[in-house]
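Colleague: The following block contains the structure, expressed as structure tokens.
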């Protein structure tokens with residue numbers, strides 16, 4: 001090995017003391033990420049969460065920076081979605097020891113965009129300038145938000161209960177909120193790094209971070225006031241009831257449903273007593289039921305439902321005369337006038353929970369995971385028009401379909417103007433799973449300025465208005481059987497994001513391309 005090569009290798013490996021400090025900084029970011037994420041519940045920490053690991057990147061070799069980013073992001077995701085292990089094991093009947101490596105691989109895959117950005121951050125010398133902070137935030141925005149993900153969660157979702165801070169989603173969706181959040185993080189980190197050597201530039205970073213943060217709040221205040229005013233003047237309303245049965249996941253058979261359905265009867269009858277209901281929503285449940293396919297269910301619901309429509313999340317078996325292993329459809333049935341007037345077949349299935357990924361290409365996987373479900377996916381949206389409220393078209397979203405903005409946008413483009421998300425998060429118990437699922441879904445209300453009805457089996461149940469606020473009277477205490485009856489205002493608001501969903505993406509790609517062309521020519525610091 002030549003002396004120059006040996007010297008380069010030594011330079012690439014920081015001193016042990018620096019490695020220890022970097023590890024502590026990395027763990028600090030992991031802790032802040034966990035506390036900021038819905039499971040931790042301290043949303044304000046999102047504005048500072050990645051500062052420690054950015055500081056650790058300062059003057060680090062690009063390979064070392066890549067490994068720091070990979071480790072930090074992998075650990076961050078692992079501590080934030082640990083609850084998924086038990087839930088997936090229950091819903092798929094797969095042993096937890098087989099689910100753990102799957103979750104680890106997912107976390108590692110999700111960490112790759114962060115690792116690549118830390119590599120770029122070091123390689124292009126973006127750590128100690130305003131321009132570099134913006135470029136790093138831009139690169140992270142592109143790689144995290146515009147690369148397909150099984151579960152598109154990120155730090156922006158920590159802000160789901162702070163409506164003032166997420167209103168920019170009506171311009172650029174979650175990616176714009178993500179960019180602003182991470183721009184502040186990178187600017188503050190640059191300010192800290194420059195404080196001793198270049199005080200004036202450091203103050204510039206701090207001031208710009210404050211301006212970005214306050215501008216985001218100001219936009220949020222203006223938008224929320226305007227939307228609240230518009231909703232206050234809106235006369236078109238829908239009386240909507242939601243039922244939360246709180247059925248245990250051990251109840252998975254028809255017999256179990258028939259034995260427990262009297263609980264449902266009592267809840268529906270109590271809700272109907274409150275006032276005339278236009279739409280009754282029954283959530284996704286662990287038991288097989290269907291108005292269309294089971295005569296007992298048809299008689300049961302006909303006995304207790306009022307004059308309004310009933311929306312039921314159901315299971316439809318495929319024609320087994322053709323294939324004994326054909327499986328099932330997860331569906332929504334809109335019952336109006338004593339019949340299923342419209343039906344929607346779920347399109348985005350939950351991996352492992354509803355289907356076995358790569359089973360067609362690797363048939364032996366079924367032998368490894370014999371308990372994995374065999375659901376089939378629908379091929380298109382079917383809007384569900386309400387007979388009792390002219391002009392209202394339900395956009396049905398079953399389970400985690402609501403977390404995919406582009407997917408929801410297709411349905412909105414077809415004319416859907418009431419988002420209804422039926423969910424069964426009972427698989428995740430009282431873990432943060434329900435909060436994370438709500439956080440990922442809530443942004444659709446802001447992006448498309450439409451009400452989002454979230455009816456769940458065990459919680460978290462509620463209706464989100466177009467401003468991103470959870471309507472208080474719509475909420476039902478989690479992990480208890482209950483119901484709510486809510487007056488939902490149906491205002492036509494619209495958003496820039498709805499009309500132009502890809503504008504911010506193209507702007508990001510354009511500027512990132514320029515940043516890479518100019519930055520890659522620089523030597524690594």
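The values are calculated or read from the model by the stated rules, or taken from the named source; none is laboratory data. Bear in mind that the values here come from a model prediction, so they are computed numbers and not experimental data. No Cβ is skipped: glycine too gets one built from the backbone with ideal geometry, and neighbour counts run over all protein chains shown.
Colleague: Looking at 343, 347, can you tell me which residue is modelled with pLDDT of 80 or more and part of a strand (DSSP E or B)?
Modeller: Working: 347 fails: part of a strand (DSSP E or B).
Of 343, 347, the one residue that is modelled with pLDDT of 80 or more and part of a strand (DSSP E or B) is 343.
Colleague: Being at pLDDT below 85, exposed (fewer than 12 other Cβ atoms within 10 Å of the Cβ) and closer than 24 Å to residue 88 by Cβ: is that true of residue 370 here?
Modeller: Yes; evaluated as a whole, the condition is true for this residue.
Colleague: Here's another thing I want to ask about it. Among the candidates 475, 487, 430, 480, which residue alone is surrounded by fewer than 18 Cβ atoms within 10 Å (Cβ to Cβ), outside the structural domain of residue 37 (by TED's automatic domain parsing) and in contact with a strand residue (DSSP E or B) (Cβ under 7 Å, 6 or more places away or on another chain)?
Modeller: Numbers: 475 fails: surrounded by fewer than 18 Cβ atoms within 10 Å (Cβ to Cβ); 430 fails: in contact with a strand residue (DSSP E or B) (Cβ under 7 Å, 6 or more places away or on another chain); 480 fails: in contact with a strand residue (DSSP E or B) (Cβ under 7 Å, 6 or more places away or on another chain).
After ruling out the rest, the residue left standing is 487.
Colleague: Continuing with the same structure: Could you look through region 53-80, keep only residues that are surrounded by fewer than 24 Cβ atoms within 10 Å (Cβ to Cβ) and free of Cβ contacts under 8 Å to residues at least 40 places away in the same chain, and pick out the one that is nearest to residue 206 (Cα to Cα)?
Modeller: 74
Colleague: Looking for something buried (at least 20 other Cβ atoms within 10 Å of the Cβ) and either under 16 Å from residue 171 (Cα atoms) or in contact with a strand residue (DSSP E or B) (Cβ under 6 Å, 6 or more places away or on another chain) (or both) - is there at least one such residue anywhere in region 433-440?
Modeller: From region 433-440, those buried (at least 20 other Cβ atoms within 10 Å of the Cβ) are 433-440; that's our starting set.
Narrowing the set further to residues that are either under 16 Å from residue 171 (Cα atoms) or in contact with a strand residue (DSSP E or B) (Cβ under 6 Å, 6 or more places away or on another chain) (or both) leaves none.
No: region 433-440 contains no residue that is buried (at least 20 other Cβ atoms within 10 Å of the Cβ) and either under 16 Å from residue 171 (Cα atoms) or in contact with a strand residue (DSSP E or B) (Cβ under 6 Å, 6 or more places away or on another chain) (or both).
Colleague: Within region 257-271, does at least one residue satisfy the condition of being part of a strand (DSSP E or B), surrounded by 14 or more Cβ atoms within 10 Å (Cβ to Cβ) and modelled with pLDDT of 90 or more? It would help to see each step written out before you state the result.
Modeller: Step one: list which residues in region 257-271 are part of a strand (DSSP E or B), which gives none.
Within region 257-271 (the criterion being part of a strand (DSSP E or B), surrounded by 14 or more Cβ atoms within 10 Å (Cβ to Cβ) and modelled with pLDDT of 90 or more), the answer is no, since none of the residues qualifies.
Colleague: Please specify each residue of region 329-353 satisfying the condition of being touching a residue at least 60 places away in the same chain (Cβ under 8 Å) and either over 12 Å from residue 312 (Cα atoms) or in contact with a helix residue (DSSP H, G or I) (Cβ under 7 Å, 6 or more places away or on another chain) (or both).
Modeller: Answer for region 329-353, where residues must be touching a residue at least 60 places away in the same chain (Cβ under 8 Å) and either over 12 Å from residue 312 (Cα atoms) or in contact with a helix residue (DSSP H, G or I) (Cβ under 7 Å, 6 or more places away or on another chain) (or both): 347, 350, 351, 352, 353.
Colleague: Checking the structure you have, find out if any residue of region 68-76 is closer than 16 Å to residue 156 by Cα, modelled with pLDDT of 90 or more and in a helix (DSSP H, G or I).
Modeller: Going residue by residue through region 68-76, those that are closer than 16 Å to residue 156 by Cα are 73, 76.
Those still in the list that are modelled with pLDDT of 90 or more too: 73, 76.
Now restrict to residues that are in a helix (DSSP H, G or I): 73, 76.
There is at least one residue in region 68-76 that is closer than 16 Å to residue 156 by Cα, modelled with pLDDT of 90 or more and in a helix (DSSP H, G or I).
Colleague: I'm told residue 240 meets every condition in (1) within 27 Å of residue 455 (Cβ to Cβ); (2) part of a loop (DSSP other than H, G, I, E, B) except one. Can you identify the failing condition by its number?
Modeller: (2)
Colleague: Is it true that residue 462 is part of a strand (DSSP E or B), within 24 Å of residue 238 (Cβ to Cβ) and either modelled with pLDDT under 95 or assigned by TED's automatic domain parsing to the domain that holds residue 267 (or both)?
Modeller: Details: part of a strand (DSSP E or B): yes; within 24 Å of residue 238 (Cβ to Cβ): yes; either modelled with pLDDT under 95 or assigned by TED's automatic domain parsing to the domain that holds residue 267 (or both): yes.
Judged against the criteria, residue 462 is a match.
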